[in-house]
1. Specify whether the C-alpha gyration tensor of segment 1-124 places it in the rounded, prolate or oblate class, a ≥ b ≥ c being the square roots of the eigenvalues: rounded for a/c under 1.5, otherwise prolate if a/b is larger than b/c and oblate if not.
2. Could you give each residue of segment 34-40 its phi-based ³J(HN,Hα) in whole Hz, using Karplus coefficients 6.51, -1.76, 1.60 with θ = phi - 60°, and x for Gly or Pro?
3. Once you wrap a convex hull around the alpha carbon atoms of segment 11-56, what is its projected area averaged over all directions, in nm²?
4. Below 12 angstrom from the Cβ of Ala87, what's the summed charge of the other residues (Lys, Arg +1; Asp, Glu -1)?
Amino acid sequence: MESSDGHVCRIGRGGKQTAVCVVDEVGKIIFRGIVDTHPEMPAAALKRFDGKLAKVGLESGPFTPHLFRSLAAMGYPMVCMDARRAADAIKGRRIKSDKADAFALAEMLRTGWFSPVHVKSNDSHKIKTFLGARDQLVKVKRALGNQVRGLLRLSALVFHRRAQGHRGGARSAGPGFRPLEVPGGFEGDRGGCAVRPGPQIQCANFDQ
């Protein structure tokens, strides 16, 4: 859909609605409106400009990868702009609205005064999501273990630290102490107790 006409379009990436602004090669507004944040909605608004758009710009953000890949698959010449530099460019403007910001960013796209940002592939985002989920499970497992160890110290019970396995035995720190009664939410292990292995098993599943 790239053309020498020089029409450029800026598409926002709001949570519910998105501002769209199309300008020509001299900066005149050709189209400006608000559409739902879904790839089909901006595409429907831009259908009248098929063959006339030189660039279609998006700011970097949480909704950008999905919109970018979807519109690129439809044939639009997509460009991702650095949101931090874009924010610096529009923060001094007197009129603050979605439509005004869309026009300002369309001007940045037309003049080339922006920093392009690479949009990662869908597979890269999936790997990042799985790694983030695994990291959270590891933190939960560690926090539960530390919590149980702290509670058992009140009864002078000390956990054995093991490099392998989810069960760690507990021993008395000295004679004359009565062990803390373990509630039903924990599993016994040779006179001690251990945190249920749910988080660790889930971490192991991520590692497979």
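1. In terms of gyration-tensor shape, rounded.
2. 10, 10, 5, 7, 8, x, 5
3. Values: hull surface 12.2 nm².
Result: 3.1 nm².
4. Numbers: positive: Arg84, Arg85, Lys91, Arg93, Lys96; negative: Glu59, Asp82, Asp88, Asp101.
Spelling it out: positives minus negatives among the neighbours equals +1.
Readers should treat all values here as calculations from the given coordinates under stated rules, not as data from a laboratory. All values derive from a computational prediction rather than experimental measurement. Please note: Cβ atoms are built from the backbone with ideal geometry, for glycine as well, and neighbour counts cover all protein chains shown.
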